[in-house]
Amino acid sequence: MRLARSRRNAELSLLLLAMVLVAAYAATVEANVLDTVTPDFWIPAAALGLVFLGLHLVIRWLAPFADPALLPAVALLNGIGVGFLRRYDLANAAPEQRESLAIFAGTGGRQLAWTLGAVILAAALLAIMRDHRSLSRYAYTLGLAGIVLVMIPAVLPGRFSEVNGAKLWIRLGGFQIQPGEFAKLALLTFFAYYLVRKREVLSLASRRVLGIDFPRGRDLGPVLVVWLISILVLVFEKDLGTSLLYFGMFVVTLYIATERVSWLLIGLILFFGGAYLAYVLGSTVGGPFANFYDRAQIWLDPFAEPYDRGYQLVQGLLTLGTGGLFGAGPGGGQPTLLPEVQTDFIFAGIGEEIGLFGLSALLVVYLLIVERGLRAALAVRDSFGKLLAGGLAFTLGLQVFVIVGGISKLIPLTGQTTPFLSAGGSSLMANWLLIAVLLRVSDGARRPVTGGGGPAARPSGGPPEQLHGAPTEVIRP
Amino acid sequence: MNAPLRRVGVVVMILFGLLFANLNWIQAYKADEYRNSDYNGRVQVAEYERKRGNIEVGGTAVALSKETSGKLKFQRSYPGGAMYAHVLGYKPVNLADTGIERLENDFLAGTSDQLIANRIKDMFTGDQTGGGNVLLTLSKRAQETAYKQLNDNQVGAKRGAAIAIDPRTGALQALVSMPSFDPNPLASHDTGAASKAHNALEQDKDRPLANRALAETLPPGSTFKIVVAAAALENGVTQQTEIPAGPSFTPPTSGTPIRNAAPSICPEPQVTLREAVTESCNTGFAQLGLRLGADKIKEKARAFGFEQDDLTVGETGEDGGLPVAASRTGEMAAPGGGTDPAALAQSSIGQRDVRMTPLQGALIAATVANGGSQMRPYLVKQLLGPDRTTVYDAAKPRELRQPVSGPVAADLRDMMVNVVKEGTGRKAAIEGYTVGGKTGTAQSGPNTPDHGWFIGFALDKNGTPVSAVCVELEQAGSGGSAEAARIGGRIMAAAIMEGR
C-alpha cells in the first residue's frame, strides 16, 4: 500500500507564497497609481492570509488528506481579485483621496469582507459534512431547492430582482444575493445522486434508435424535468450563460454516469441545433430569443456598432490588446474605461495590467483547480463522489471558459462571473462552497483505506448510505 | 466511471487550450491594432496625463492646458475663442484634431523625437514637465484687426477671409476665415457635448469649419489682371503702351459682350496699360488677353503659384502644414480644339473658370512688393522646449519661386501703387506708407451678389515691403471691393504698428 501523506505543510508553504504574490501585487499597484507605496499596502494581503490560514487549520483538523494544491490556488485567485478591485477603487477615487482610501472601503474592501464570510461558510461546510456521501441524503431536497432558487428571481417583481436589466437577484433593502449561483451546487448534487441511482437502468435498459441507445423516459424523467425547468426559466430570465452552464453540467454528468459517448454527441447536436434555432427565431420571431440574436450579432461583428451595442465587447478587446504580452504593470492600466470591469470583464481589466503572460498564468491556476478536482473524482471510491466532484470541477472549468471566451470574442458573450475574481458575494460564497466539497471529496479519495487519520476518520451519525453497493432497480422490460 | 472522467479532463484541457490560443491571437497578434484603435480611449487618457504645450502669438498663449480633477488631467482651452480658430484648429478628446494642434501634435504633446532628451531627464528628476511650446508668426494686432474688421464689414457680407503676409519672409501675419467658431466647446471632456457642438458646426450652412483663407477658391475678378499685366509686360508691353478699350467689347464668335463696371471707366477706344490697371478696365484687359493668348496667361498664372496642388503652410523647413487648395485658371479651349476667344477674354478679367484662394491673392501682392521673389508662406516661427529655453526649430525663410523679373515687378508695383493713389483702391491707403493694391469684383452667379476682393501691399519710407494682404468678401454686392480694400489697409496698418 502506498504511504498516505497529508501534505499539509506543502499546502501551508504554497499558501504563504500565494499571499506574498498578492502583497507584491498590491505594492506594485500603489507604486504605479500613487507614485509611492503606502506603509499599509500589505494589510489586505495579511487579512486574506489570516482568513485562509484559518481555513488551512480547519482542513488540518477536519480533512487532513485533502488535496494540498486547491486552497493555495483558490487563495491566489481570490487575492488577485481583491487586489484588482482595490486597484479599481483607487482609479475611481479622486486623486487627493487616493492615498487615504480605507482598506475596507469600496468594491475591494467589500470583496475582502465577502471573502471572510465565504471562507467561514466553506469551513462550516467542511465541519458539518464529514463525509461527502452524507450529501446524498438530501439530494431530492437539494434538487427541489435548486429549482426554487432558480425560479425565485423570475417570479419576484422586478423591483426585488432586477439589476441592470437582468432578473437574477433577490434584493431586500441593501442586501442582495444571486440565488442561481447556489442553485448550481444544489442541482448538481441532485443530478449526481439521481444518475448514480439510475445508472445501470440508464445504461442498460434502452431502446436503440438510429444506432444510439436511448434510455426509457421513465428512467430519465425526473432529471430531465429538473433540467428543462431550469433551462426554460433561465432562457426567460435572459441568463444565457447560466443556462449554457447547466446544460453542459447535465450532459457531462450524464456522460460520466453512463459512460456512453452518444450522450455527448446528442448534447452537442442539441446545443448547436438549439443555438442555431434560437438565432433564427431571434431574427424572425424575436421575443425571448431576440436577446440571443442580439448577442450573436455583436459577437459576429462587435465593431459594427462600436459605440452602441458592441461597446463593451470592443472595449474589452481593446483592453486586452493594450495589455499585450507583458501588460502595463499592475496599476498601469485604465480599468475605468471598461464598463463592468469589476464583474463580467474583470479578466480583461486584469489582462491589461498583467498581459498575456499573466493571464496565461491565471488560466493555468484555474486549470490546476479543475484538474485537481477531476483527479479527486478519479481517486475517490464511490460513484456518487466521482460524479459530484467530476461534475463540480467540470462546471467550474466550463464557467471560466464561458466568461473568458465571451470577453475575448471566442464565443458569444454571456454574463457570468469569473470565479473568485469578480466582485460579488454570492458568486464568491457559492464557489468557495464548491471548493469545500472538492476538498472533502479529495480528502475521502486520498485517505488511507485502513488506519487512523484524525478525528474525521469516524464520522458521527452512523455510517452513510453506501450508494456504490446499493442495489439498483430491477429492470422490467 | 474513470474513463469518462479522464476524457472530461481532456475536454477541459481543450477548452482552456482554445482560450489560451485566442488570448494569444488578441494580445500578441492583434495587440498593436487594438492598442492604436481609434476607439481606444487609453491613448487619449495617456495623452492627457502630460501637460500639453502652449501655442503662442506674440508672447500670449492662445492655446493652453489647465489642470483639472477629472479623469483626463488637463483641459485644453483657447482664450482667443473664435479669433484664432482656423489657425490653431482644436484638440478634441474623441474627434480628429485640426490646424496647428494637429500639425505640431507630437511636439505639443511632448512625444516628439526632438524632445527625447527632455523625457529622459524627467525620468531621473521625477518631474512631470509638459510638452513643447509652439510660437506662431501671427501678429496679434493684425489678427485681431482682421477678425474684427472682417466680421464688422460695412457691406453685410456673412462669409469671407483675410490673410496677411510679410513679403520679405513669407511669415503669415494674419489669417481669418469668416464665419469662425469657438473651439472651446469642441475640446470639452464631455465627449457627447463636444460631438454635439461639432455636429452643429458641420450642419451650419455657412460652413464655419471651412478655412476659406487657405482651402477655398472663388473667381478672383479683376485682381487677376495683375497676372495678365505681368504677362503683357514680359511680352513687349510697357505701362504707357496703348491698348484697345471702349465701353463694351464682344469677343469674336461669342454674343456676350464684356462691359466695364461703370460707363465712366475707359470709354475711349485706347487707354494705356497703366490707366487700364488703375481704373480696372475690363474691355481693355479682355482684348489684351486675346492678344497675348491663353498659353502666356496660363503660364504666368502658373509662375505665380496657380495649379500648385501640394502647397502647405506650416514650418518653413518642413514639408507638412495646413493644406492649401490649388488655384486654377481653368479651361479656355473651344470644343473643337484651339482657344475659345470668349473664354479667354472672360478669363483675362478673372471670370469664367478662374479660381483663386485668398492666400494666392496675398502671394501675388507679396511677390510684386518683394521685387518678384515669392517666399514660402509659413505659420510656425519657433518650437520652444518644455523648459522654454531650448529652441528646437527656428523658421528659416526660403524662396518658393520667382514669377517675374525685378523690372517687371517694379512696373507692377508702380501701377498698383497708382491704384491706391488714384484708382479703385483708395480706401486702402495708410498714412506715412506707400500702399499698392488691386480691387476685384467677381460675378458669383446669375442671381447672387458679386464677391469683393482686394490684394495689396505696404512699403515703408525706404521702399521696403512690410506687409501684403488679401481680403475676400463673399457675395458682398456693390461696394464689396472698396470695403475689402479698406479692411486690407487696416490689417496692414496693424501689422506695421506691431512690427515697429
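The values are calculated or read from the model by the stated rules, or taken from the named source; none is laboratory data. Owing to the predicted nature of the structure, the values given are computational and were not obtained by experimental measurement. Virtual Cβ from ideal backbone geometry, glycine too; neighbours counted across all protein chains shown. SASA here: full protein model, heavy atoms, side chains in, ligands and nucleic acids out. Shrake-Rupley method; radii C 1.70, N 1.55, O 1.52, S 1.80 Å.
When residues of segment B:9-21 are filtered for being at the interface with chain A (Cβ under 7 Å from one of its Cβ atoms) and among the β-branched types (Val, Ile, Thr), how many remain?
Adding up the residues that qualify gives 1.
Quick one: in segment A:273-322, which of the residues that are more than 27 Å from the chain's Cα centre (by Cα), facing chain B (nearest Cβ under 9 Å) and open to solvent by less than 60 Å² (accessible area, probe 1.4 Å) is farthest from A:LYS238 (Cα to Cα)?
Out of the qualifying residues, it is A:THR322.
Please name all residue pairs, on different chains or six or more residues apart, with Cβ atoms under 7 Å, provided the first residue is in segment A:143-165 and is more than 14 Å from A:PHE191 (Cβ to Cβ) and the second residue is assigned to a helix (DSSP H, G or I) and open to solvent by 50 Å² or more (accessible area, probe 1.4 Å).
Matching pairs, first to second residue: A:ALA154/A:PHE236.
Residue-by-condition table, conditions (1) under 19 Å from A:ALA361 (Cβ atoms); (2) modelled with pLDDT under 95; (3) open to solvent by 10 Å² or more (accessible area, probe 1.4 Å); (4) of a type in the set (Phe, Trp, Tyr):
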{"position": "A:GLY385", "(1), (2), (3), (4)": "no, yes, no, no"}
{"position": "A:LEU396", "(1), (2), (3), (4)": "yes, no, no, no"}
{"position": "A:ILE407", "(1), (2), (3), (4)": "yes, yes, no, no"}
{"position": "A:PHE420", "(1), (2), (3), (4)": "yes, no, no, yes"}
{"position": "A:SER427", "(1), (2), (3), (4)": "no, yes, no, no"}
{"position": "A:LEU433", "(1), (2), (3), (4)": "no, no, yes, no"}
{"position": "A:LEU438", "(1), (2), (3), (4)": "no, no, no, no"}
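Out of curiosity, is A:GLY391 more than 8 Å from every other protein chain (Cβ to nearest Cβ), more than 17 Å from A:LEU71 (Cα to Cα), open to solvent by 10 Å² or more (accessible area, probe 1.4 Å) and in a helix (DSSP H, G or I)?
So A:GLY391 does not fit the description; no.
Within segment A:401-424, can you find the residues that are under 17 Å from the mean Cα position of the chain (by Cα) and within 8 Å of chain B (Cβ to nearest Cβ)?
Listed by number, the residues that qualify are A:PHE401, A:VAL404, A:GLY405.
Among residues belonging to segment A:330-377 that are of a type in the set (Phe, Trp, Tyr) and crowded, with 22+ Cβ neighbours inside 10 Å, point out the one that is nearest to the other protein chains (Cβ to nearest Cβ).
Ranking the qualifying residues of segment A:330-377, first place goes to A:TYR366.
Consider A:ALA63 against the criteria (1) under 22 Å from A:ASP131 (Cα atoms); (2) at pLDDT 95 or above: it satisfies all of them except one. Which criterion is unmet?
Unmet condition: (2).
Of the residues A:ARG60, A:ARG5, A:ARG87, which is in a helix (DSSP H, G or I) and either touching a Leu at 6+ places or on another chain (Cβ under 9 Å) or surrounded by fewer than 18 Cβ atoms within 10 Å (Cβ to Cβ) (or both)?
Unique residue meeting the criteria: A:ARG60.
Residues that are free of Cβ contacts under 8 Å to residues at least 60 places away in the same chain, out of contact with any helix residue (DSSP H, G or I) (no Cβ under 8 Å at 6 or more places or on another chain) and open to solvent by 40 Å² or more (accessible area, probe 1.4 Å): does segment B:347-359 have at least one?
No, the conditions are met nowhere in segment B:347-359.
Would you point out the residue of segment A:87-101, among those that are aliphatic (A, V, I, L, M) and more than 12 Å from chain B (Cβ to nearest Cβ), that is nearest to A:ASP40 (Cα to Cα)?
A:LEU101
Among residues belonging to segment A:108-130 that are part of a helix (DSSP H, G or I) and more than 20 Å from the chain's Cα centre (by Cα), point out the one that is farthest from A:ARG60 (Cα to Cα).
A:GLY109
When segment A:252-272 is examined, which residues are found to be facing chain B (nearest Cβ under 10 Å) and open to solvent by 20 Å² or more (accessible area, probe 1.4 Å)?
A:GLU259, A:ARG260, A:VAL261, A:TRP263, A:LEU264
In the set B:ARG76, B:ARG6, B:ARG42, which member is open to solvent by less than 60 Å² (accessible area, probe 1.4 Å), out of contact with any Phe, Trp or Tyr (no Cβ under 7 Å at 6 or more places or on another chain) and at the interface with another protein chain (Cβ under 8 Å from one of its Cβ atoms)?
Going through B:ARG76, B:ARG6, B:ARG42 in turn, the sole match is B:ARG42.
Test of understanding: among B:LYS91, B:LYS66, B:LYS51, which residue is touching an Asp or Glu at 6+ places or on another chain (Cβ under 7 Å) and either more than 14 Å from every other protein chain (Cβ to nearest Cβ) or not small (Gly, Ala, Ser) (or both)?
Exactly one of B:LYS91, B:LYS66, B:LYS51 is touching an Asp or Glu at 6+ places or on another chain (Cβ under 7 Å) and either more than 14 Å from every other protein chain (Cβ to nearest Cβ) or not small (Gly, Ala, Ser) (or both), namely B:LYS91.
For segment B:69-89, give me the residue count where each residue is assigned to a helix (DSSP H, G or I) and in contact with a strand residue (DSSP E or B) (Cβ under 6 Å, 6 or more places away or on another chain).
Qualifying residue count for the region: 4.
Please go through (1) facing chain A (nearest Cβ under 10 Å); (2) surrounded by fewer than 17 Cβ atoms within 10 Å (Cβ to Cβ) for B:GLY58 and return the number of the only condition it doesn't satisfy.
Answer for B:GLY58: the failing condition is (1).
Considering only residues of segment B:22-39 that are within 7 Å of chain A (Cβ to nearest Cβ) and not in a helix (DSSP H, G or I), which is surrounded by the most Cβ atoms within 10 Å (Cβ to Cβ)?
Step by step, filter segment B:22-39, then rank; the result is B:SER37.
Between a first residue in segment A:354-378 that is on the phi > 0 side of the Ramachandran plot and a second residue that is open to solvent by less than 10 Å² (accessible area, probe 1.4 Å), which pairs have beta carbons less than 9 Å apart while being 6 or more apart in sequence or on different chains?
A:GLY355/A:GLY323; A:GLY355/A:GLY324; A:GLY355/B:GLN27
Is it the case, given these coordinates, that B:ALA197 is open to solvent by less than 40 Å² (accessible area, probe 1.4 Å) and closer than 17 Å to B:SER481 by Cβ?
It is false that B:ALA197 is open to solvent by less than 40 Å² (accessible area, probe 1.4 Å) and closer than 17 Å to B:SER481 by Cβ.
Please find, within segment B:90-119, the residue that is nearest to B:ASP38 (Cα to Cα) out of those that are assigned to a helix (DSSP H, G or I) and among the charged types (D, E, K, R).
Across segment B:90-119, the extreme among qualifying residues is B:ARG102.
Could you tell me which of the residues B:LYS66, B:LYS51 is modelled with pLDDT of 80 or more and part of a loop (DSSP other than H, G, I, E, B)?
B:LYS51
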